[in-house]
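Remarks on the structure that follows.
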């Protein structure tokens, strides 16, 4: 028999591979950080001798979920300024709070909290845009999660840099610091078209090409933004970026709400990945992204939560459920954005838009062992007729029972194994007393 570290069983193993194979009474074999094999549980147990077997009765095994747009450290601003328009929320509340409190220690502590929230909800990889991302990388590794971390770039001063060139220099050093890490992938994150001028965007694109890393940017999030770009450049946002030579498959664009048909065609032509942040968009009344039209045009769309200051949680299961239902209503078509498509957007497609499709996003031999188990033995998950339907319309984040990243167990039986959850919650309470003492 072939030695292995784990055999992980499940009543259902959803591979999310090209044929969307579902293996009933299946098992995943893990050796080191890698998926060695996947197939019927009996065959796997006859072929491999594992150091540990995780029984699969009442469980569904699937690839770890991927959150393709967030600002993880903003969990410490959760609920600080709600029920406001985006511009007022950002300019009058969030940016002043950031200028007061942001530091490496703030980001490190906050990202630990964000990571345990995401891990307990089945997210194994997240794509971030923020500042002091070295601290975010260290905190993410302490928890044991995988992340694509974007070093934020602006045209105006903040506590992290005084000029666009300094942000760019910080980004360059950040990429060099993390280039060869097994869990952290660095990228460059110019904030948006209304916070970064033409020169800054060009420099960010050139730097990303030189360093061979991805770009992460907010795009067409509000009507105000579109109007601002039109006033400055006499072009719509996607057209402006296309003419700059900014758009290609290395770009992940968050939101993409206010698009016309030509802009959707441009995103498809340039193979730009999109992160759809339904619940944040709803809460800020930013609008409804044309997701069904983007998918029809061949744009690869994934799910982001945005930051917890505007959502207010980091929960991809609720994003899947809300998105699938809202877009059915918007398109007046109950077959639009079906459950299989929603789960693809949260797994394999999300990996692909982050440039990690060869590594994660599906359960296939040779890929990294980023896996989660769902406990199906729950009243709200009984009886079960269609596993895809359950995962999108009925499963809650709290039904995640086991989480593995890179072949290491981060959570088992809902208990975190890599960090002290109570200590992280104590630190969060301490920061809350500083930020809003009364």
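Below are the figures for this structure:
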read-out	value
Percentage relative contact order, the chain, counting C-alpha pairs under 8 Å, at least six apart	20
The range 302-438 - Debye-derived log10 I(q)/I(0), Cα point model, q = 0.11, 0.12, 0.14, 0.16 Å⁻¹	-0.53, -0.63, -0.84, -1.05
For 178, 431, order by how many other beta-carbon atoms lie within 10 Å, fewest first	431, 178
Label-point separation, residue 22 to residue 47 (7 Å along Cα→Cβ), nm	2.2
FRET efficiency estimate (nearest 0.05) - Cβ-Cβ, residue 142 to residue 92, R0 25 angstrom	0.15
Ranked list, fewest to most other Cβ atoms within 10 Å of each Cβ, for 113, 417	417, 113
Expected 222 nm ellipticity per residue - DSSP helices of 4 or more, -39500 (n - 2.57), all of the chain, to 500	-11000 deg cm²/dmol
Between 0 and 90°, nearest 10: helix 316-331 axis offset from the chain longest Cα axis	70
In degrees, nearest ten, helix 164-178 long axis to first principal axis of the chain (Cα)	20
Cα-based convex hull, the chain, per residue volume (Å³, whole number)	134
Ranked packing of 14-20, 248-254, most packed first, by mean Cβ within 10 Å	248-254, 14-20
FRET E, pair residue 230, residue 386, Förster distance 56 Å, beta-carbon r, rounded to 0.05	0.80
Pairwise FRET efficiency - residue 100 versus residue 313, Cβ, R0 = 30 Å, nearest 0.05	0.80
Nearest 10 degrees, 0 to 90: helix 198-211 Cα axis against the chain principal axis	40
Neighbour-count ranking [beta-carbon atoms within 10 angstrom, fewest first] of 327, 262, 218	262, 327, 218
Pairwise label distance in nanometres, residue 358 with residue 82, each label 7 Å out on the Cα-Cβ vector	4.5
Segment residue 422-residue 328, extension gain: residue separation times 0.36 nm, minus the distance between their alpha carbons	29.8 nm
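Each value in this text was obtained by applying a stated rule to the coordinates, not by laboratory testing. Keep in mind it's a predicted model, so treat the numbers as computed, not measured. So basically every Cβ, Gly included, is an ideal-geometry build from the backbone, and we count neighbours across all protein chains shown.
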